[in-house]
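The values are calculated or read from the model by the stated rules, or taken from the named source; none is laboratory data. Bear in mind that the values here come from a model prediction, so they are computed numbers and not experimental data. FYI the Cβ positions are ideal-geometry reconstructions off the backbone, even for glycines, and counts take in every protein chain you see.
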Amino acid sequence: MLAAGVSPNAITFYAVFPACGDIGAERRGRELHAHIIKKGIPIDDFLGAALIKMYARTGALDEAAALFSSMRQENPDRCGVSMWNAMIGAYGYHRHITEALELFHQLASPSNEGRVKPNEVTFAAALGACSHGGMVDIALQLIGMMRSRFGITPNAHHHTCVIDALGRAATGGREISSR
């Protein structure tokens with residue numbers, strides 16, 4: 001695309017960052033991130049989420065956290081629920097359960113009312129972190145909170161996370177082999 005003289009836009013990067021994450025191409029992802037900055041492409045909620053996911057999937061969790069933190073401080077109006085979800089998911093993906101749940105609770109805090117609110121994906125990310133840690137009690141609390149505080153009906157994925165947390169708690173956190 002660049003060789004043909006066609007300038008990429010934000011949508012181009014939405015498509016490319018997941019590929020970088022999937023193949024572990026952190027260096028290429030960093031180059032593309034630098035290209036965004038150089039070209040002055042604004043990092044909105046969705047592009048920020050794509051960047052966070054890319055950094056997390058390539059093992060650069062510190063970079064993902066730094067990007068999230070800087071966006072929250074410098075551009076809070078561009079740091080929407082997609083970026084929060086991506087960061088909660090990134091922590092869960094790397095088994096940083098405490099950080100994932102702390103971030104979730106910041107977002108779900110009554111002091112955050114009127115700003116960004118958790119959605120189904122937010123709860124899926126937090127429940128995924130609970131499942132990795134075998135944290136059944138917290139997972140059940142989150143399921144209850146979905147309905148009572150946010151009016152969100154848990155779906156099959158949410159319940160699957162709770163079941164996985166139950167399984168991990170029963171096995172002491174070890175994954176069960178299918179053999």
query = Going by the structure shown, is LEU47 at pLDDT 95 or above, assigned to a helix (DSSP H, G or I) and more than 25 Å from VAL16 (Cα to Cα)?
reply = no
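Would you confirm, using the coordinates I've provided, whether GLY173 is at pLDDT below 95 and either closer than 22 Å to ILE52 by Cα or not in a helix (DSSP H, G or I) (or both)?
On the way: at pLDDT below 95: yes; either closer than 22 Å to ILE52 by Cα or not in a helix (DSSP H, G or I) (or both): yes.
Yes; evaluated as a whole, the condition is true for this residue.
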query = When you go through ARG27, ARG72, ARG78 one by one, which is the residue that is farther than 26 Å from PHE150 by Cα, more than 14 Å from the chain's Cα centre (by Cα) and surrounded by fewer than 23 Cβ atoms within 10 Å (Cβ to Cβ)?
reply = ARG27
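If you take the residues of the stretch 74-132 that are part of a helix (DSSP H, G or I) and among the polar types (S, T, N, Q), which of them is nearest to ARG57 (Cα to Cα)?
Step by step, filter the stretch 74-132, then rank; the result is ASN85.
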task = Kindly check whether there is at least one residue in the stretch 103-110 that is hydroxyl-bearing (Ser, Thr, Tyr) and modelled with pLDDT of 95 or more.
result = no
